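This report concerns only the one structure given below.
The values are calculated or read from the model by the stated rules, or taken from the named source; none is laboratory data. Fair warning: this is a prediction, and the values are worked out from it, not measured in the lab. Methodologically, a virtual Cβ is constructed for each residue, glycine included, from the backbone with ideal geometry; neighbour enumeration extends over all protein chains shown. To get the accessible areas, we keep the full protein, side chains included, count just its heavy atoms, and leave off ligands, DNA and RNA. Shrake-Rupley method; radii C 1.70, N 1.55, O 1.52, S 1.80 Å.
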Amino acid sequence: VTRRARCCCGRLAISVAGEPVLNALCHCDDCRRRTGSAFGWSAYFRDDQVVGVEGAAFEYAVPVATPQVRRFCGDCGSTLFWSTGNFPGHTGVAGGAFLDPPLSEPTAAYRAAKRCAWLTLPAAWPQHP
Ligand SMILES: [Zn+2]
Ligand SMILES: [Zn+2]
């Protein structure tokens, strides 16, 4: 299956083939601020699974020790995909930006200690520190 994720306004999109190598939530402060939500939902694909990018992505180099570059729409501001030195050779895509068809169910959550107290996740998902 090939899936396409796009920003809110539709000017930036990324298409990926097959299932993600990692499909997980992250509760860290940065993911919460980046998304404005209770967690980030990230799907990592091998770079060779990226079928195409439509539109021009703006880049934000996150000032952290491990290089991390976020790519976002310069018109609507949605962060759509990124790369991180923690997972070289892979592209992370915002999981919620896949709508038709949607992304498969996440399989794990990270930074569990930062999880919002009111949030309950499926028991089958491993909770990583
Ligand atoms: Zn946009
Ligand atoms: Zn995070």
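Of the residues in the range 33-51, how many are away from ligand 2 (no atom under 13 Å from the Cβ) and loosely packed, with under 13 Cβ neighbours inside 10 Å?
Step one: of the range 33-51, the residues away from ligand 2 (no atom under 13 Å from the Cβ) are 36, 43, 45-51.
Next, from what is left, pick out any that are loosely packed, with under 13 Cβ neighbours inside 10 Å: 36, 47-48.
Adding up the residues that qualify gives 3.
Looking only at the range 73-100, which residues are more than 16 Å from ligand 2 (Cβ to nearest atom), open to solvent by less than 50 Å² (accessible area, probe 1.4 Å) and either over 20 Å from Gly55 (Cβ atoms) or in a loop (DSSP other than H, G, I, E, B) (or both)?
Correct list: Gly74, Gly77, Ser78, Gly89.
Would you check if Glu54 is open to solvent by 70 Å² or more (accessible area, probe 1.4 Å), more than 16 Å from ligand 2 (Cβ to nearest atom) and free of Cβ contacts under 8 Å to residues at least 24 places away in the same chain? It would help to see each step written out before you state the result.
On the way: open to solvent by 70 Å² or more (accessible area, probe 1.4 Å): yes; more than 16 Å from ligand 2 (Cβ to nearest atom): yes; free of Cβ contacts under 8 Å to residues at least 24 places away in the same chain: no.
No.
For Ala5, all conditions in the list (1) touching a strand residue (DSSP E or B) at 6+ places or on another chain (Cβ under 8 Å); (2) open to solvent by 20 Å² or more (accessible area, probe 1.4 Å) hold save one; what is the number of the exception?
Against the list (1) touching a strand residue (DSSP E or B) at 6+ places or on another chain (Cβ under 8 Å); (2) open to solvent by 20 Å² or more (accessible area, probe 1.4 Å), Ala5 comes up short only on (2).
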